[in-house]
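Here's the structure, in structure tokens; my notes come after.
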Amino acid sequence: MQHKRYNSDDKGWVFALYISFNMTDFCPVAEVEKHGEFLNRVVELLFKNIVFTKRQDKVLLWQTPEELEEKFDFFSGTEWGASGKNTIKFSVKTGHPYFINQLFSGRTDELRCKYLENGSGNEVALSFSLDPYGLAGQWLTDALNASVYTYEVSPIFSLMEMHVIREVCRMVGPQWGDGLFCPGGSFGNGMAINLARFNRYPDVKAINTFYNFLEKGTHHLPNLVVLASEESHYSINKFATFLGIGENNVITVSTDDVGRMIVEDLEKKIIQQTEEGVFL
């Protein structure tokens, strides 16, 4: 009997989107006899087509969504090799030397160095794309498959997290003593708004005293607004809604030709909101 199974990991890399298998052959527990050759083939495929990309390779074999629907088999349960190769074929090679994105780039730098060979200096261009050390670390963490929520489950990574946060706090300043790893900038912006509100109104969180337990929450708060640059990220509006402040209560501040907030407009908006009885 054939079954279809969705197979992906939390890092977003989908090696075989859908595979077809006999239930008698399916074994989710790693065994050398059953999975050794399979994983070796996976690594070989990744090395050849992703890790060590060449300049003559394409960054992306562009297809429209309609074309990709026709060319990529999402549901028939193709063999892992075919689905894996097609996943690579139609994906963006972010480690390619020519890949450039607004947030990161495949080619981080070009180092020109001189070395002596047979008594003469030769200039060599070295290109950096995919970080092999970061990749090794990611493979290590994926293989261990640890969840860093208790020390019992993840002793090394729990301490590692504390050390990294402590070092970042030391770099920021002595007034900082704790931190949090954010999955992205949007979450970081939302956490910043939440902490700012908590700093001004700490009783939005339950207060546990020796005699009673008060849960004030947000219903007692005055009208709040968020002052943000007109060039600010859309996550400011999204998290203002998420936190109950309201998207309409995000007040934008004008910016100059290089994206800096205009101080005079900021002062004007602060005075205006204060006079209207709104809390910042």
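The values are calculated or read from the model by the stated rules, or taken from the named source; none is laboratory data. All figures in this text were calculated on a predicted structure; none of them were measured in a lab. Neighbour counts are summed over all protein chains in view; Cβ atoms, including those assigned to glycine, are modelled from backbone coordinates with ideal geometry. Only protein heavy atoms, including side chains, enter the accessible area calculation; ligands, DNA and RNA are left aside. Shrake-Rupley method; radii C 1.70, N 1.55, O 1.52, S 1.80 Å.
The accessible-area ordering, largest first, of the residues ILE100, ILE262, ILE236 stands as ILE100, ILE262, ILE236, per a 1.4 angstrom probe.
Database remark: amide H of LEU227 closer than 5 angstrom to the amide H of ILE251 (H placed geometrically; neighbours at sequence offset of 5 or more, or on other chains; Pro and chain starts carry no H). Sorted on the mean count of surrounding Cβ atoms within 10 Å across their residues, most packed first, peptides 41-50, 174-183 read 41-50, 174-183.
Listed values for the range 167-173 are Karplus-derived 3J(HN,Hα) couplings in whole Hz (6.51 cos²θ - 1.76 cosθ + 1.60, θ = phi - 60°), namely 5, 5, 4, 5, 6, 6, x, and x replaces Gly and Pro.
Counting only protein chain heavy atoms and rolling a 1.4 Å probe, the accessible areas of MET171, MET191 rank, largest first, as MET171, MET191. The listed residues HIS219, HIS233 rank as HIS219, HIS233 when sorted by accessible area, largest first, using a 1.4 Å probe.
On a 19 Å Cα-Cα criterion, which of the cross-link pairs LYS34/LYS93; LYS54/LYS85; LYS54/LYS93; LYS216/LYS269; LYS216/LYS238; LYS93/LYS238 come out too long? Checking Cα-Cα distances, LYS34/LYS93; LYS216/LYS269; LYS216/LYS238; LYS93/LYS238 exceed 19 Å.
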